[in-house]
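Data block below; observations after.
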Amino acid sequence: MRRAALTTYFLPRDLHPAAWWAWTLGLAVAASRTTNPWLLLTILAVVCHVVVARRPDAPWAAAFRIYLWLGAVIVAFRVGFRFVFGGAEGQTILVRLPEIPLPAWAAGIRLFGAVSAESLLGGLYDGLRLATMVICLGAANALANPKRLLKALPPALYEVGTAVIVALSVFPQLAESVQRVARARRLRGGASGGRGRRRRVRVLRAVIVPVLEDALDRSLKLAASMDARGYGRSGAASPGARFVTGSLMITGLIGVCVGVYATLDGSTPRFLATPVLVAGLLVALAGFRLAGRRVRRSRYRPDRWRLPELVVAASGVGVAVVLFATSSVDPTNLNPSLTHLSWPLLSWPPLLGVLLGVLPAFLSPPPEHPYGAVPAAAEKVAA
Amino acid sequence: MRMRRSLPAAAAIALIAAAAGPVAPAHAIDPGKGHPGFCKTAAGVTVVVDFQRLGGTTIVRCNPRRTRGTGLDALKGAGFQIAGVQRWGEGFICRIENRPSAVEELPVRGRDGYREACVDTPPGGAYWSYWHAGNNCAWQYSQWGVKNRDFVPGGFEGWSFSLNATAASNPRPRIAAVRPGTAGRPCVAREEPEPTTNDPNERQPGGRAPGGDAGNGGAGGTTEDPLDAARPPGRDGELPPPRRRTLTSPSPGADDPANNVAFDGGERARDVNELVKEQSGASDVAPWAAAGLAAALGLGAWLTARRRRRARDA
């Protein structure tokens, strides 16, 4: 009996997309709370591990690698800017570049000059934090099916949700297009050809044009299919009512964004945090209420929220909660001081908290194989 | 730079780096910089750090620097360990000698259980107030930021923790700005002009051109010649300027040195890094565990991906 329950639990299937979003947002929030490189590296490792273990064999899952590259570029830029715009804060001067004198109206900006290890590390930590958050979002895109997320949205989010899903799926779709076109070129033996600049121009033309065309085609196709299913239809509502609903929702969502940002970021004025968040939520709820009243939808085979979904979501939220709790207890370790060059310290509670995030790699069912057949070797590893 | 790297490589680098680099030993006060007690001559500047209601012995150290420098140079060159807030960097000092520490609860009025996290500007009820004085002069609340004014050679720089005080009742350092052996001499420090704009990059106007900054403190140096050479303006950040305060017309003379509180050179204070480690409950093993786990997870991910790829290709 118990064995049967276990088998059902681990039966290959795609989890509810909202569960993966809750998990990644929890990890992203946790990353936003710390600049400790040990913690950030652990978060990155956790995210990569879970993504590799649980991503489906789907087009949007292939974009994760591009998010990793994006993260690397972010870190490189952050560190590079410390070279360009003054990195003299700190005592361990690594290199003295010639400083470019600027006119008086550019006071406060410094070009090149001495670069200290402290400021470079500051850039590295800061960049690593942003990169980790971006990669967390990439993980959500890789793990959750954007189209099923749209399906699961409450009817009130109808108008906004369509735009959000299209925006969210553009990047993974582009990535997938690039991979497909490159593969097709390889199959055709297109890699050979002229040399040097001419060849590069030709490659550019041979990749970019089909990719853009492909992306446009697919966007149109998505739009058409959504239109056919009634998305974006206003029904019998009057233009005035639509205007009120739309502005209520946009204002509310902007308020929610500002409020969430202020709540998560420790250095924003507090009056922007809870008051704006609550006001934004109220306005948005009013908008949802109005919108929901006139949209009626039935769902075909709705995604169910079951135990594995709970486990996945809880593990992500748990990471965020642990980091919030420890940051009020020991802020020292979450934001390592760079006044004195030393190895960043780390205590156990936040590290163990971050490790909660790896649970979905073991405690969630493996993804469904698109062609029905389950490759035994891969699934054994994944489970 | 090794920015473009895959995760296992990053973990490996971290691991190697952790193995290779032992933490350099540090002291609470950097003994290589400055010396304890007052400056003996007019060369250099005496830095006074008074913890006031935080508790702790007042520290007096001398920065024997002969060239001109900012208030921040004076403080750091005397060997003090400071921390700036994350938002402004070292332009706003939030901790001196790890006080107030991250675990210390400050009884700030209106903010129960406030702890200094050094993230944003500290509240007006609990911050390090910045003072300066010429030798034999009264302490003056600085109208300038720590990076925007030059210290008075032969004079004093004071840091006094202001807890629940107002602009009028900010406690001045409880050490008279008088170098031993010079008591009774007249105060000759220049009057520092107030900032004229709200530009945070405005620097104190100075009289002397750069280059003429030879310290004039001989063995019997009694002359006080404030060398307030102007520096090129606008080098540092965008910190808001200190709020202008009405000075209670400074009494011309210094306090009576007989009323000085007990002080030392900070030699007995505990090592700041060690203290921070202890206060935060950091573990020596945890960074190793983090690096090891990151490496293990990365390896696991790589193995899984490889097996999957093979299974798909097969």
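Remarks
- Count of residues meeting criterion [part of a strand (DSSP E or B) and under 18 Å from the mean Cα position of the chain (by Cα)] in the range B:134-162: 9
- The residue that is modelled with the highest pLDDT, among those in the range B:236-283 that are among the basic types (K, R) and more than 22 Å from B:R61 (Cα to Cα), is B:K277.
- Of all residues in the range B:87-102, exactly one satisfies the criterion of being closer than 14 Å to B:T58 by Cα and acidic (D, E), namely B:E97.
- Evaluating A:V276 against the criteria (1) β-branched (V, I, T); (2) surrounded by 15 or more Cβ atoms within 10 Å (Cβ to Cβ); (3) modelled with pLDDT under 85 leaves one unmet condition, (3).
- Matching helices (runs of 4 or more DSSP H) fully within the range A:291-376 where at least 2 residues are at pLDDT 70 or above and either at negative phi or out of contact with any Ser or Thr (no Cβ under 7 Å at 6 or more places or on another chain) (or both): A:307-329, A:348-355, A:360-363
- Number of residues in the range B:259-314 that are in a helix (DSSP H, G or I), more than 10 Å from chain A (Cβ to nearest Cβ) and polar (S, T, N, Q): the value is 1.
Quick grid of which residues meet (1) of a type outside the set (A, V, I, L, M); (2) in a helix (DSSP H, G or I); (3) at pLDDT below 80:
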site	(1), (2), (3)
A:L222	no, yes, yes
A:G230	yes, no, yes
A:G252	yes, yes, no
A:C257	yes, yes, no
A:V260	no, yes, no
A:T268	yes, no, yes
A:F271	yes, yes, yes
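- Cβ pairs under 8 Å, 6+ apart, first in the range B:33-53 and over 24 Å from B:S101 (Cα atoms) and touching a residue at least 24 places away in the same chain (Cβ under 8 Å), second of a type in the set (A, V, I, L, M, F, W, C) and assigned to a helix (DSSP H, G or I): B:V45/B:A74
- Matching residues in the range B:74-105 - criterion: being in contact with a helix residue (DSSP H, G or I) (Cβ under 7 Å, 6 or more places away or on another chain), part of a loop (DSSP other than H, G, I, E, B) and either over 13 Å from B:E116 (Cα atoms) or facing chain A (nearest Cβ under 10 Å) (or both): B:Q81, B:E97, B:N98, B:S101, B:A102, B:V103
- Evaluation of A:A30 against the conditions (1) modelled with pLDDT of 85 or more; (2) surrounded by fewer than 18 Cβ atoms within 10 Å (Cβ to Cβ) shows that the sole unmet condition is (2).
- Comparison of A:A58, A:A28, A:A45 shows that the only residue that is small (G, A, S), over 15 Å from A:A320 (Cα atoms) and in contact (Cβ under 8 Å) with a residue 60 or more places away in the chain is A:A58.
- Only one of the listed residues (A:R78, A:R33) is within 12 Å of another protein chain (Cβ to nearest Cβ) and either closer than 30 Å to B:R306 by Cα or touching a Ser or Thr at 6+ places or on another chain (Cβ under 6 Å) (or both). That residue is A:R33.
- Here B:P36 meets the list (1) modelled with pLDDT of 90 or more; (2) over 19 Å from B:E192 (Cβ atoms) almost entirely, failing just condition (1).
The values are calculated or read from the model by the stated rules, or taken from the named source; none is laboratory data. Quick caveat: nothing in here was measured; it's all calculated off a predicted structure. Glycine also receives a Cβ, built like all others from the backbone with ideal geometry; neighbour counts cover every protein chain displayed.
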